[in-house]
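Comments concern the structure below.
None of the figures in this text is laboratory data; all of them are computed from the coordinates on show. These figures come from a predicted structure and were not determined experimentally. Cβ atoms come from the backbone with ideal geometry, glycine included; neighbour counts cover every protein chain shown.
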Amino acid sequence: MKLYTVDAFTDVPLGGNPAGVALFEGALPDEEEMRRVAAQMGYSETAFLRRIGPERFVVRYFTPVEEVALCGHATVGSFSLLLQKGLIEGGRTYIAETGAGDIRVDVADGLVWLDMASPRELGALSEADEAALLAMYGLPADAFGTLRPAIVDTGLPDIMMPLACPALLAALKPDMEAISLLSKRLSVTGVHAFACAEDAVHCRNFAPLYGIDEESATGTSNGALTYYLYRRDLVFPDKTNLFVQGEAMGKPSKVYSRLTQGENGVVSIRVGGSAVVREG
């Protein structure tokens, strides 16, 4: 077994979202051992993987206490590590066998790309919930600008919270208890706040209901934001979009997305990113 720490969705050491990655040549160890190693690594997830074919890997993901079916940033970290170690090649498609099923992973131009679940916009917030959202972040009444919040899902449902400018995003004063209560009542994971700028879309993600006050890089949330912006003619098919996250935490992250529209009108979304290997 070889153990690594990989910062995903970033090209800066100690940026992005860290994950543990454990590479095996033979069979993976038993669950108790993987759980022990994940606890020792101490990250939100550690990926355990071994190659079972030229383009196929088995990948299992463990938090320090339990196994989870899939983890986006740990997958980006794992395949970025494999690429940097010369164990896979750029310009190829690989399959990760996970607890969530087979996941297609494309490696291109130094980035690892993953499919998101089919995008769905689940509805707008009521006026009362919009007002509550403003209050729990210490925002003025006109903070949303010309857009309105909505709940969007590309694997996990989140409230997309538009802000008129990046200065408002940087100045947020989140009330974590109030955010948790609203998230529970609306059955969402959390709030994905964003502000559009010329260089990128800048984001902050809050999921205190699940023990994450603020997350430095969230692939599923930025996949959902891609769909939100597409439905408002702010994102276009077959273009690469850049979402910058984690700045307020001192852990800058870059999450890329691409939206495609099939002949039947079905929309699909992928998110991608690079990673930095810190140890191993």
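Less than 5 angstrom separates the built amide H of Y94 from those of V105, D106, V107, all sequence-distant by 5 or more or on a different chain. A Förster distance of 30 Å, applied to the separation of the beta-carbon atoms of K85 and E198, puts the FRET efficiency at 0.25.
Put a dot 7 Å past each Cα toward the Cβ at E177 and N264; how far apart are the dots in nm? Roughly 5.0 nm, to one decimal. Model label sites at R104 and E33, defined 7 Å from Cα along the beta-carbon direction, differ in position by 3.5 nm.
Taking the number of Cβ atoms within 10 Å of each Cβ as an exposure proxy, the fewest-first ranking of M160, M249, M34 is M249, M34, M160. Remark: the range 79-92, residue by residue, has Karplus-estimated 3J(HN,Hα) of 6, 5, 4, 4, 5, 5, 8, x, 8, 9, 10, x, x, 10 Hz, where x stands for each Gly or Pro and the curve is 6.51 cos²θ - 1.76 cosθ + 1.60 at θ = phi - 60°. In plain terms, the chain is cut at each of the GluC sites (Glu not before Pro) found in a DSSP loop with at most 11 other Cβ atoms within 10 Å, and the longest leftover piece is 90-197. Estimated from the Cβ-Cβ distance and a Förster radius of 25 angstrom, the FRET efficiency linking I52 and K239 is about 0.10.
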